[in-house]
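Data block below; observations after.
The values are calculated or read from the model by the stated rules, or taken from the named source; none is laboratory data. A quick note: this is a predicted structure, and the numbers were derived from the prediction, not measured. Glycine gets a Cβ as well: all are built from the backbone with ideal geometry, and neighbour counts include every protein chain shown. The area values use the complete protein model at the heavy-atom level, side chains included, leaving out ligands, DNA and RNA. Shrake-Rupley method; radii C 1.70, N 1.55, O 1.52, S 1.80 Å.
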Amino acid sequence: MPPARQPNQSAPTTVSPTGVGHEGPKDGRDPRAQAGDALTTPNGVRIPDSDHSLKAGPRGPVLLEDFHLREKIMHFDHERIPERVVHARGAGAHGVFTANGAAAKVTRAAVLAEKGLETPVFVRFSTVLGSRGSADTVRDTRGFATKFYTKEGTWDLVGNNMPVFFIQDAIKFPDIIHAGKPHPDREIPQAQSAHDTFWDFVTLHTEATHHTIWNMSDRGIPRSYRTMEGFGVHTFRLVNADRETCLVKFHWKPRLGVHSLTWEEAQIAAGVDPDFHRRDLYDAIEAGAFPEWDLGIQVFPDTPEETFEGIDLLDPTKIVPEELAPVQVIGTMVLTGNPTNFFAETEQVAFHTGHLVPGIEGTNDPLLQGRNFSYLDTQLTRLGGPNFTQIPINRPHAPVNDNTRDGFHQHGIHTGQAPYTPNSVDAGSPFPSDWSEGGYVNVPRAVSGEVGRSAPASFDDHFSQPAMFYASLTSVEQQHVADAYTFELGKCYEQSIKERALTVLAKIDADLCARVAAGLGLPAPSPEPVEHGESPALRQIKPEPFPIEGRIVGVVAGPGADLKGIAKLREALEAEGALLRVIAPHGGQLVDGSDVEIVERTFATGRSIEFDAIVVADGAPKDGDFRALVMLQEAFRHLKAVGAWGDGVEVLQAAGVDVEAPGVLTGEKSDKTLATGLIAALGMHRAWERTPLVSASLV
Ligand code: HDD
């Protein structure tokens with residue numbers, strides 16, 4: 001057993017062979033929490049029986065002296081803590097961030113500046129609106145919060161998968177969240193923005209228009225946490241070793257590319273597999289398909305105006321197009337370890353925008369400044385007191401020697417007499433550090449201005465960037481945006497809210513407005529176009545293929561199927577990091593001589609949404625089982641690669657799949673051509689050219 005840790009001692013900074021950046025083996029027997037094999041009470045008393053209360057005779061009554069019963073029930077009664085007021089539903093993973101050294105010019109923060117330095121991280125992805133038990137695939141913004149356990153203290157980058165926010169000032173946060181959450185009388189709808197109060201808010205507060213159009217785009221329904229970009233949203237100030245400053249925006253770029261679900265898939269998944277994203281992240285890491293992101297920065301000169309090319313860098317509803325300020329990669333993060341215990345880690349992790357390290361500062365963005373209050377404050381209710389940095393997942397990996405004392409759940413047994421600085425009683429310890437000793441010394445900045453509740457005039461431009469966003473998308477992505485507005489507004493009851501939403505769309509794009517108006521059965525208001533640029537970098541459908549690690553191909557098979565062909569296809573896919581799962585009418589095994597395939601999904605348990613492509617094996621059953629046919633129809637409609645070899649083509653045809661359509665791969669045998677075609681199709685995510693063949697409103 002490792003030696004017991006001393007109070008106030010930092011957690012080890014070592015990363016285990018699995019990359020799990022925390023102490024404790026993964027078998028749930030973390031010595032800090034549990035030890036030995038014997039079942040005990042919380043006080044360590046061994047007990048013979050935890051299934052029967054202590055009774056006077058087998059028929060009772062139960063005796064009050066049963067301390068084990070009382071302890072067991074008391075603890076159970078208090079197992080739940082309040083869920084996060086937003087971002088309640090999430091999934092986390094451990095990993096490592098490695099700096100490439102490129103940021104050394106702009107920041108002294110070792111985590112970013114020191115070439116090759118590996119810093120353990122814990123990342124939590126989340127939805128915003130839903131409760132802890134809500135579905136993963138709802139249309140929503142996704143949280144992307146990263147805790148860097150740096151040797152200079154903990155740095156949290158608490159971002160989202162969208163680069164802008166609904167509001168410009170934190171004082172409006174309770175309002176937008178009240179509007180997005182379920183209606184207070186009925187507590188419905190759960191985890192949805194498709195209701196009156198949300199649309200009431202975002203059409204009355206038109207600063208929300210930019211974030212809203214990102215929500216209505218495919219970014220609102222990611223395929224996987226692994227295929228999301230992440231953004232720090234705000235502008236931050238970096239400080240280098242010479243105390244020179246620059247302004248930056250942080251970007252996470254997924255190595256797998258940015259990919260989304262189709263709306264129908266998202267809806268099916270919400271029922272068929274509400275844990276879709278959580279499962280995907282966990283399974284990918286277990287399978288060794290470690291998700292990876294490059295961290296990049298857009299760098300701007302730190303001028304008194306705090307603008308770049310006319311864009312106000314303090315306005316969190318604005319982006320700076322990558323064409324104007326390229327994203328420069330400064331390091332890479334790879335997620336290599338699943339949590340050992342969901343509650344202890346994913347639930348108890350506490351992020352805070354004010355967790356900064358020397359070399360990284362905030363700016364005067366009023367949204368960020370309000371967040372700096374909220375994240376600290378919320379933990380008092382959620383985690384029950386001010387000592388939440390002592391919870392294992394939140395413990396800094398840098399030495400801690402503070403003068404905070406006492407409070408609920410205090411784990412430190414502090415020594416000394418003088419928890420204040422300076423002191424002479426404890427020989428002056430702990431000592432303050434100045435800049436040269438690695439202290440967090442804020443860069444001097446002049447502050448002036450009249451006190452008042454106001455915002456800069458530049459914050460009034462609410463439409464040029466949403467218009468730019470829409471204009472930059474491919475036509476397929478634009479169609480999805482129009483469909484999403486039509487769906488969401490179609491779920492509203494208040495006519496006036498729908499009409500107001502159309503007046504907003506009239507400022508973004510006349511065609512978008514007309515399409516949505518037609519879908520709602522309302523007249524389109526006259527266009528009021530605003531001037532806007534274009535930023536092709538905003539498109540997520542790109543011409544080049546992406547790696548296919550962790551993608552899943554389902555193979556429809558059954559007794560008599562070509563098992564050798566399945567094995568061959570699996571080999572080719574696994575060489576690319578993708579997985580193959582056999583789907584058959586019943587569970588168990590498929591056996592043909594010495595060839596054996598384990599059935600991982602049956603026609604009853606499988607559904608198209610969990611596969612990125614579906615292929616029918618030669619010899620698969622031809623009995624027209626509707627579940628197999630529906631699976632193929634859905635995959636085809638969702639523009640996924642579908643295929644067959646040998647007489648499996650008959651099953652495709654029975655499902656009504658046009659075998660000549662783009663992204664449909666057929667062949668005599670399961671050979672190299674079929675495998676190569678499938679790998680290429682998976683790399684493109686979907687066969688976008690098939691769009692006209694399927695109903696536009698379903699993709
Ligand atoms: Fe927030 C959680 C991201 C604005 C108040 N927020 C939270 C999480 C993420 C974000 C990813 C989940 C953290 C986790 O996994 O534990 N929030 C953002 C982004 C914002 C933003 C990118 C704008 C750019 N948030 C924002 C404002 C406020 C909050 C303006 C309040 C004034 N956010 C919170 C919170 C939460 C939170 C209430 C809930 C749980 C928690 O903090 O720890 O304090």
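Gln190 to His78: FRET efficiency via 1/(1 + (r/R0)^6), r the Cβ-Cβ distance, R0 30 Å, to the nearest 0.05? Each step should come with its number before you reach the end.
On the way: r = 25 Å, r/R0 = 0.84.
For Gln190 and His78, the calculated efficiency is 0.75.
Please compute P(r) over all alpha-carbon pairs of region 463-538, binned at 5 Å starting from zero, and give each bin as a whole-number percent.
Histogram of Cα-Cα distances, whole percents per bin: 3, 18, 28, 24, 17, 7, 2, 0.
Take each of the peptides 598-605, 672-679, 278-285, average the number of other beta-carbon atoms within 10 Å over its residues, and list them starting from the highest.
On the way: 598-605: 15.6, 672-679: 18.0, 278-285: 20.1.
Descending mean neighbour count gives 278-285, 672-679, 598-605.
List the pair-distance distribution P(r) of the chain, using every Cα-Cα distance, as the percent of pairs falling in each 10 Å bin from 0 up to the bin containing the longest distance, rounded to whole percents.
3, 13, 22, 23, 19, 12, 6, 2, 0
If you stretched the chain out fully between Asp406 and Gln653, how much longer would it get, using 0.36 nm times the residue separation minus the C-alpha to C-alpha distance? Don't skip to the end; give the middle numbers.
Details: separation 247, 0.36 × 247 = 88.92 nm, distance 7.09 nm.
That works out to 81.8 nm of additional length.
Per residue, how much accessible area does region 310-395 have with a 1.4 Å probe, in Å²? Don't skip to the end; give the middle numbers.
Values: 2790 Å² over 86 residues.
On a per-residue basis, region 310-395 sits at 32 Å².
Taking the Cβ-Cβ separation of Ala680 and Ala575 as r and a Förster radius of 22 Å, what is the calculated FRET efficiency to the nearest 0.05? List each step's numbers first, then the result.
Numbers: r = 14 Å, r/R0 = 0.63.
Efficiency at R0 = 22 Å is approximately 0.95.
Going by Cα centres, region 226-270 and region 284-328 are how many Å apart?
Taking the Cα centre of each part, region 226-270 and region 284-328 sit 8 Å apart.
Which three extents, in angstrom, do the Cα atoms of region 267-394 have along their principal axes, listed largest first?
Largest to smallest, the principal-axis extents are 48, 38, 32 Å.
Where both partners of a DSSP beta bridge lie in the chain, what percent of those bridges are antiparallel, to the nearest 5?
Restricted to the chain, the bridges split so that about 75 percent are antiparallel.
Checking the cross-link filter: which lysines have an alpha carbon closer than 29 Å to that of Lys564, excluding same-chain neighbours under 8 positions apart?
Within the straight-line cut-off, Lys564 pairs with Lys622, Lys640, Lys669, Lys672.
When ranked by the protection proxy of mean other Cβ atoms within 10 Å per residue, highest first, what sequence do the peptides 368-379, 497-508 form? Could the numbers behind the result be given before it?
Details: 368-379: 17.2, 497-508: 21.7.
With the highest mean Cβ count within 10 Å placed first, the list reads 497-508, 368-379.
For region 552-698, just list the percent of Cα-Cα distances falling in each 10 Å bin from zero outward, please.
Result returned by the calculation: 13, 48, 34, 5, 0.
Output the peptides 253-266, 449-462, 139-152 sorted from most to least packed, where packing is the average of other Cβ atoms within 10 Å over each peptide's residues.
Working: 253-266: 21.1, 449-462: 10.9, 139-152: 23.9.
With the highest mean Cβ count within 10 Å placed first, the list reads 139-152, 253-266, 449-462.
Give the carbon-plus-sulfur fraction of the accessible surface of region 463-538 in %, rounded to a whole number; probe 1.4 Å, heavy atoms of protein chains only. Working shown, then result.
Values: 1640 of 3150 Å².
Accessible surface attributable to carbon and sulfur in region 463-538 totals 52 percent.
Residue separation times 0.36 nm, minus the C-alpha to C-alpha distance between Glu65 and Arg382: what's the value?
Contour length minus the Cα-Cα distance gives 110.8 nm.
Solvent-accessible area per residue for region 621-699 at a 1.4 Å probe radius, Å²?
Values: 3400 Å² over 79 residues.
So region 621-699 comes to 43 Å² accessible per residue, rounded to a whole number.
Can you tell me which lysines have their Cα less than 24 Å from the Cα of Lys105? Leave out same-chain residues fewer than eight positions away.
Lys115, Lys147, Lys151, Lys249, Lys253
Give the ranking of Val651, Val400 by solvent-accessible surface, highest area first, calculated with a 1.4 Å probe.
Working: Val651 10, Val400 50 Å².
My answer, sorted largest first, is Val400, Val651.
I want to check the label-to-label distance for Leu204 and Lys105. Put each point 7 Å from Cα in the C-beta direction and report it in nm to one decimal.
4.8 nm
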